[in-house]
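The values are calculated or read from the model by the stated rules, or taken from the named source; none is laboratory data. Predicted model only: the values in this text are computed from it and were never measured. Because the Cβ atoms are built from the backbone with ideal geometry, glycine has one as well, and the counts that use them run over all protein chains shown. The accessibility values were calculated without ligands, DNA or RNA, using every heavy atom of the protein model including side chains. Shrake-Rupley method; radii C 1.70, N 1.55, O 1.52, S 1.80 Å.
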Amino acid sequence: MRRIISGPAFALLAAFGLGAMAIWVSGGNPITSFGAMFAGAFGSGPTVAETLVKSVPLIITGLAVALGLRAGLFNIGVEGQLLVGGLCAAYVGYAVKLPAVVHLPLCIVCGMIGGAAWGLLPGFLRAKRGVHEVITTIMMNYIAFYLTHYLVTNPLKDATTMAPQTPEALSSAWLPAFGGLHAGILLALICLAGYAFVMGRGVFGYEVKVVGKAPDAARAAGISVTGTLVRAMLISGALAGLAGAVEVLGVHHKFYDQFSPGYGFDSIAVAFLGGGSALGTGLSALLFGALRNGAVGMQLATDTPREIVTIIQAIIIVMAGTKFVKNSSGSGGGADDPL
Amino acid sequence: MIHFDAELLNSTLRLATPLILAALGGVLCERSGVVNIALEGMMLAGAFFGMLGSYWTGNPWVGMLLGAAAGGAFGLVHAFLTQRMKLNHIVSGVALNIFALGLTTYLLRKLFMHAGGSPPVNGLPMWNLPGLGEQNPLTELALAGTLLMTPFLWRTPQGLRLRAVGENPEAALAAGIRVGRVRFAAVIAGGLLGGLSGVYLSLGQLNMFAEGMSGGRGFIALAAVIFGRWTPLGAAGAALFFGFFDALQMRLQGQTVGGVVIPSEFMLMLPYLLTIVALAGFAGKAVAPAALGNDEATASN
């Protein structure tokens with residue numbers, strides 16, 4: 001029974017049930033609302049493509065959060081890392097002239113470096129000084145909001161427009177597009193496969209799991225806990241930065257202020273529901289991509305506001321969250337500052 | 001040039017009021033051993049339901065009560081999830097913050113057919129107190145709360161119990177203190193204060209509700225709790241300090257200091273930066289309540 005209650009299917013059922021109740025209590029019709037949502041997500045070729053495009057950053061950021069959780073790190077800073085990564089990619093995209101074979105990979109790598117750099121300080125403080133990463137990553141998010149806002153309204157601003165955005169990236173830095181999709185989906189699939197391989201067979205994945213489950217045992221077995229924590233945080237940040245770069249290079253072709261509709265926060269629910277596995281994360285990212293995309297159509301077709309998805313998301317986090325994070329201070333990696 | 005005048009002082013007080021209220025709520029909650037990163041959501045809920053109460057009745061005091069109650073309800077849910085359901089405190093806080101954003105924007109669209117903001121509503125009247133001049137009653141409450149909370153926590157049996165539960169719940173349990181009950185009370189009281197801080201935003205400053213209007217202030221309040229080392233005076237002092245920088249960045253917008261324009265973004269970053277520095281400095285020292293985030297003692301009662 002306990003297994004069922006803490007499983008993802010029950011979490012989904014409870015969240016949609018409560019969401020339907022919320023729609024009904026507020027005077028709407030849950031059946032037509034969810035029907036319109038489904039049509040908005042899968043109703044036609046283009047809407048399916050849009051659902052996939054919306055899922056791409058959620059897959060990558062979902063993996064970022066999942067990797068952290070496996071190591072006993074709760075990276076709430078994905079949003080900030082995504083913004084910094086996106087801005088780095090956009091900058092290299094417009095400021096550097098190179099042939100596409102080199103330019104696009106360079107932009108992607110710069111995005112990943114930017115995201116990793118934003119995760120470095122919280123990772124370092126957690127590993128070396130025991131400062132809980134939750135507070136520092138929240139603070140780093142706000143620093144990233146203000147920093148990117150400053151940069152795109154001042155030194156990196158596109159002078160030809162009033163909008164707070166960078167100049168458009170050169171087309172050599174764009175991710176190839178095809179039929180409403182872009183090549184970011186391939187990158188997301190590579191990330192999923194890489195995550196599955198590293199977590200299933202890789203030495204690093206093994207170290208991450210041991211450090212996350214039993215840091216004292218890891219230490220006794222000669223695994224460097226601090227090294228593993230810093231590396232996990234760097235890779236988590238790099239994935240978040242990659243998601244930002246993919247959004248910038250695949251969808252917008254520039255960085256504009258507040259371009260992320262909160263992928264970094266959606267990713268927490270994606271990772272929780274996904275249960276830490278590659279397959280689970282991929283599926284739950286698809287679900288949230290469909291919800292986010294379908295909600296737009298639902299809001300147009302019915303009088304149910306699209307924020308019902310946000311409410312459902314919060315419930316999923318509560319329902320699926322018990323399984324993931326243990327409830328005593330100092331669990332996982334030995335943070336000695338019990339925030 | 002910066003002029004330190006009565007107006008700067010006044011706007012510091014105005015901007016610090018919601019931070020002080022929420023930070024005091026955070027101190028109560030975290031002193032009892034419950035991590036509260038849900039202040040942001042409590043604030044947003046308080047702001048929305050404060051507006052709604054005033055919109056429905058035309059009476060801002062009803063709005064204030066409804067907003068406080070909404071914050072308290074969030075506190076109740078946080079206490080229930082963490083103490084009864086044994087959910088990780090941070091996970092519960094994250095979920096409540098997301099829930100508050102979803103709920104308030106959902107209701108805003110549903111009730112007023114439009115995202116962005118509510119219609120204007122009646123705000124709280126100003127009170128004239130000797131020595132303080134015209135102030136919002138919530139500012140006065142924040143200042144009074146700051147002064148009263150220290151004696152409450154250190155000089156009353158209830159305060160002692162609250163801190164005991166946050167420092168060593170097992171010992172508190174052995175001494176006959178009902179750990180779960182104390183934590184429920186502390187978290188709900190913290191939620192009420194968080195709700196009131198939101199009421200100040202919607203009924204004290206703008207006289208309307210705007211989508212996502214807490215805008216990170218709940219996290220600045222959390223920063224003030226940490227920066228103030230989990231003491232009421234320290235947290236309120238840090239909140240005033242952060243409020244002062246907010247007032248200063250508004251004053252300095254577009255102005256030069258010694259020939260240089262200081263971008264307001266960098267001043268807005270300051271609370272967050274300072275908190276990271278403070279946390280790095282605290283590392284290894286016992287400043288936080290010792291049993292913060294620890295629920296082992298409430299497993300049995």
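What is the projected area of the convex hull of the Cα atoms of the protein assembly as shown, averaged over all directions, in nm²?
Details: hull surface 117.6 nm².
Answer in nm², one decimal: 29.4.
Counting only other residues whose beta carbon sits under 15 Å from that of B:Val27, what net charge do I get with K and R as +1, D and E as -1?
Working: positive: B:Arg31, B:Arg163, B:Arg183, B:Arg229; negative: B:Glu30, B:Glu167.
In short, +2.
Running a GNM on chain A with Cα contacts under 10 Å, which residue among A:Pro155, A:Pro46, A:Pro30 ends up with the highest mean-square fluctuation?
In this elastic network of chain A, the residue with the biggest mean-square fluctuation among A:Pro155, A:Pro46, A:Pro30 is A:Pro155.
Just to compare against my own numbers: the Cα pair-distance distribution for chain B, 10 Å bins, whole % per bin, please.
7, 28, 34, 22, 8, 1, 0
Thinking of the range B:99-233 as a set of Cα atoms, what percent of all their pairs are more than 17 Å apart? Walk me through the intermediate numbers first.
Working: 6349 of 9045 pairs.
Of all Cα-Cα pairs in the range B:99-233, 70 percent lie more than 17 Å apart.
Restricting to Cα pairs below 8 Å that are 6+ residues apart, what does the relative contact order work out to for chain A? Please round to a whole percent. Don't jump to the answer; show the numbers that get you there.
On the way: 650 pairs, mean separation 121.9, N = 339.
That works out to 36 percent.
So who's got an amide H within less than 5 Å of the one on A:Leu175, skipping anything under 5 residues away but keeping other chains? H placed 1.01 Å off N, in plane.
A:Gly250
DSSP loop (so not H, G, I, E, B), at most 16 other Cβ within 10 Å: list which trypsin sites (Lys or Arg not before Pro) in the range A:94-183 pass both filters.
Working: sites: A:Lys97, A:Arg126, A:Lys128, A:Arg129, A:Lys157; in loops: A:Lys97, A:Lys157.
When the trypsin sites (Lys or Arg not before Pro) of the range A:94-183 are filtered for loop state and at most 16 Cβ neighbours within 10 Å, A:Lys97 remain.
One quarter of the convex hull surface, Cα atoms only: what value does that give for the range B:194-301 in nm²? List each step's numbers first, then the result.
Working: hull surface 40.4 nm².
With the hull built on Cα positions only, its mean projection is 10.1 nm².
Answer rounded, prolate or oblate for the range A:35-330, using the Cα gyration tensor with square roots of eigenvalues a ≥ b ≥ c: rounded when a/c is under 1.5, else prolate when a/b is larger than b/c, else oblate. Kindly include the intermediate steps, with their values, before the conclusion.
Working: a/c = 1.67, a/b = 1.23, b/c = 1.36.
Judged from the Cα gyration tensor, the range A:35-330 comes out oblate (a/c at least 1.5, b/c at or above a/b).
To the nearest 10 degrees, how steeply does helix B:137-155 sit against the main Cα axis of chain B, on a 0 to 90 scale?
Helix B:137-155 sits at roughly 30 degrees to that axis.
Please give the helix B:264-282 orientation as an angle from the longest Cα principal axis of chain B, in degrees from 0 to 90, rounded to the nearest 10.
20 degrees
For the protein assembly as shown, what number of Lys pairs, 8 or more residues apart or on separate chains, have alpha-carbon atoms under 15 Å from each other?
On the way: A:Lys128/B:Lys285; A:Lys157/A:Lys254; A:Lys209/A:Lys326; A:Lys213/A:Lys323; A:Lys213/A:Lys326; A:Lys323/B:Lys86; A:Lys326/B:Lys86.
Within the protein assembly as shown, the lysine pair count is 7.
Any idea what angle helix B:157-167 forms with the longest principal axis of chain B, computed on alpha-carbon atoms, 0 to 90 degrees, nearest 10?
The angle comes out at about 80 degrees.
Heavy atoms only, probe 1.4 Å: what % of the accessible area of the protein assembly as shown goes to carbon and sulfur, would you let me know?
On the way: 16780 of 24530 Å².
The computed percentage sits at 68.
Please check: in the Gaussian network model of chain A (C-alpha springs, under 10 Å), which one of A:Leu300, A:Leu87, A:Leu67 has the largest mean-square fluctuation.
Per the Cα network of chain A with a 10 Å cutoff, A:Leu300 tops the list.
How large is the accessible surface per residue of the protein assembly as shown, computed with a 1.4 Å probe and reported in Å² as a whole number? Provide the component values of the computation, followed by the final result.
Working: 24530 Å² over 640 residues.
On a per-residue basis, 38 Å².
So which GluC sites (Glu not before Pro) in the range B:39-147 pass both tests, a DSSP loop state and at most 13 other Cβ atoms within 10 Å of the Cβ? Show your work: numbers first, answer last.
Values: sites: B:Glu40, B:Glu134, B:Glu140; in loops: none.
Those that pass, being in a loop and sparsely packed, number zero.
For a quick check of your reading of the filter: which trypsin sites (Lys or Arg not before Pro) in the range B:225-287 sit in a DSSP loop and have no more than 16 other Cβ atoms within 10 Å?
Values: sites: B:Arg229, B:Arg251, B:Lys285; in loops: B:Arg229, B:Lys285.
Here the trypsin sites (Lys or Arg not before Pro) that fit, given the DSSP loop and packing criteria, are B:Arg229, B:Lys285.
Mind listing the phi-derived Karplus ³J(HN,Hα) values for the range A:149-166, rounded to whole Hz, using 6.51, -1.76 and 1.60 with θ = phi - 60°, and x for any glycine or proline?
Using θ = phi - 60°, the values come out as 4, 4, 5, 7, 9, 10, x, 9, 6, 6, 6, 7, 9, 7, 5, x, 8, 7 Hz.
Please compute the modelled spin-label separation between A:Leu98 and B:Leu132, points set 7 Å along Cα→Cβ, answer in nm with one decimal.
6.0 nm
Taking the Cα-to-Cβ direction at B:Phe152 and at A:Leu186 and moving 7 Å from each Cα, how far apart do the two end points lie in nm?
Label-label distance for B:Phe152 and A:Leu186, simple model: 6.2 nm.
Taking amide hydrogens as modeled 1.01 Å from N in the peptide plane, which residues meet the under 5 Å criterion relative to B:Trp127, leaving out close sequence neighbours?
Result for B:Trp127 returns B:Gln135, B:Asn136.
Read phi for every residue in the range B:54-64 and hand back ³J(HN,Hα) as whole Hz from Karplus 6.51 cos²θ - 1.76 cosθ + 1.60, θ = phi - 60°, with x for Gly and Pro.
So the Karplus estimates, Gly and Pro as x, are 5, 5, 5, 9, x, 10, x, 5, 4, x, 4 Hz.
Near A:Ala295, within a Cβ-to-Cβ distance under 9 Å, what is the net charge of the other residues, with Lys and Arg +1 and Asp and Glu -1? It would help to have the intermediate numbers written out before the result.
Values: positive: A:Arg292, A:Arg306; negative: A:Glu307.
Local net charge: +1.
Would you calculate a helix-derived [θ] at 222 nm for the protein assembly as shown, using -39,500 (n - 2.57) for each DSSP H run of n ≥ 4 and dividing by the full residue count, to the nearest 500? Kindly include the intermediate steps, with their values, before the conclusion.
On the way: 25 runs with 437 residues, N = 640.
Rounded to the nearest 500, the figure is -23000 deg cm²/dmol.
Provide the buried accessible surface between chains A and B in square angstrom, both chains summed, 1.4 Å probe, rounded to the nearest 100. It would help to have the intermediate numbers written out before the result.
Values: alone 15310 and 13420 Å², together 24530 Å².
Buried area between the two chains comes out at roughly 4200 Å².
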